[in-house]
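Novice: Pasting a structure here, questions to come.
All of the numbers you see were taken from the coordinates with simple rules; none came from a lab. None of these values were measured; they are calculated from a predicted model. Virtual Cβ from ideal backbone geometry, glycine too; neighbours counted across all protein chains shown.
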Amino acid sequence: MIIENNSVVSVNYTLTEKESGKQVEQTSKEHPFQFIFGIGGLLEDFENNLRGKKVGDKFDFFIEHSRGYGKRDEQHVVQIPVEAFHNEDGKFDHENVKVDVTLPMQDNEGNRLYGKVMEVNDEHVKMDFNHPLAGTDLHFTGEVLEIRPATVDELAHGHVHGEHGHHH
């Protein structure tokens, strides 16, 4: 079987930053990355580089940041008044709001966003809402471990069920 649309694919991979070689993420054969191929949940170039491969095939490819998580946008770095981080008692949440911590937030329309705290002062909390890999060229190396047809339930739910997937 080859990787094609509506296949459940298991891969073991290492993701590094192309420029620095710094490791960003690594899976293992015991804990592979599993996904349904071709339903639009992944980077298009990630899937394009795996299409047609079979079990045991190795891969080694790059995704430029413009085709990955985009370039960093300084407009996504914002100053939020410290009052937004006060608890019910009106006190600043020093326990959770610290530099380098990523916090779940909501925009004005109620959409969930994640922002990394860059700086805290008496008036503002400076947060970066860029994707952590924005501006980074990606390098994926790995191996295809398993391919099987997705079940009707998996396709309906949009995610993998079973041994390494989601259980209901």
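Novice: Please build a GNM for the chain, connecting alpha carbons under 10 Å apart, and tell me which residue among E95, E83, E143 fluctuates the most.
Specialist: Looking only at E95, E83, E143, the largest GNM fluctuation is found for E95.
Novice: Quick one, can you get me the convex hull of the C-alpha atoms of the chain expressed as volume per residue in Å³?
Specialist: Here the figure is 161 Å³ per residue.
Novice: Cross-link candidates for K116: which aspartates and glutamates have Cα within less than 16 Å, leaving aside residues fewer than 8 places away along the same chain?
Specialist: D73, E74, D93, E95, D100, D107, D128
Novice: Could you tally the net charge around I39, taking each other residue with its Cβ under 11 Å from the Cβ of I39, Lys/Arg +1 and Asp/Glu -1?
Specialist: Taking every other residue near I39 into account, the sum is -2.
Novice: Based only on other Cβ atoms within 10 Å, what is the fewest-to-most ordering of E146, E88?
Specialist: Listing E146, E88 from fewest to most nearby Cβ atoms yields E88, E146.
Novice: Go ahead and collect, in residue order, the members of the stretch 11-37 whose backbone nitrogen is under 14 Å from a label point 7 Å along the Cα-Cβ direction of D57.
Specialist: 11-12, 37
Novice: How large is ³J(HN,Hα) for each residue in the stretch 68-83, as worked out from phi by the Karplus curve 6.51 cos²θ - 1.76 cosθ + 1.60 (θ = phi - 60°), to whole Hz, x for Gly and Pro?
Specialist: x, 9, x, 8, 5, 10, 5, 5, 8, 9, 10, 9, 10, x, 4, 4
Novice: I would also like to ask the following. How many nm separate the modelled label positions at I39 and K71, each set 7 Å beyond the Cα in the direction of the Cβ?
Specialist: 3.4 nm
Novice: Mind telling me which of N130, N111, N87 comes out most flexible in a GNM of the chain, alpha-carbon contacts under 10 Å?
Specialist: Among N130, N111, N87, the largest mean-square fluctuation in the Gaussian network model of the chain belongs to N111.
Novice: Hey, another quick one. Rank these for me by crowding, T27, T14, going from fewest to most other beta carbons within 10 Å.
Specialist: Ranked by crowding around the Cβ, least crowded first: T14, T27.
Novice: Let me ask something else. From the backbone phi of the stretch 134-149, what are the Karplus-calculated ³J(HN,Hα) couplings (6.51 cos²θ - 1.76 cosθ + 1.60, θ = phi - 60°) in whole Hz, Gly and Pro given as x?
Specialist: Residue by residue, the stretch 134-149 yields 4, x, 9, 7, 9, 10, 9, 10, x, 8, 7, 9, 7, 9, 8, x Hz.
Novice: Then there is this: To make sure I understand the rule: partners must be lysines, Cα under 26 Å from the Cα of K53, and not fewer than 8 residues away in the same chain. Which ones qualify?
Specialist: Within the straight-line cut-off, K53 pairs with K18, K29.
Novice: Could you please report the charge total around S7, scoring K, R as +1 and D, E as -1 over all other residues with beta-carbon less than 12 angstrom from its beta-carbon?
Specialist: Details: positive: R51, K53, K54, R148; negative: E4, E47, E146, E154.
Surrounding charge for S7 is 0.
Novice: With n ≥ 4 as the cut-off for DSSP H runs, can you work out [θ] at 222 nm for the chain, using -39500 (n - 2.57) per run divided by the number of residues, rounded to the nearest 500? Let's see the in-between values first.
Specialist: Working: 2 runs with 13 residues, N = 168.
The helix-only estimate for the chain comes to -2000 deg cm²/dmol at 222 nm.
Novice: Once you list every other residue whose beta carbon is under 15 Å from the beta carbon of V101, what net charge do they have if Lys and Arg are +1 and Asp and Glu are -1?
Specialist: Net of charged neighbours comes to -2.
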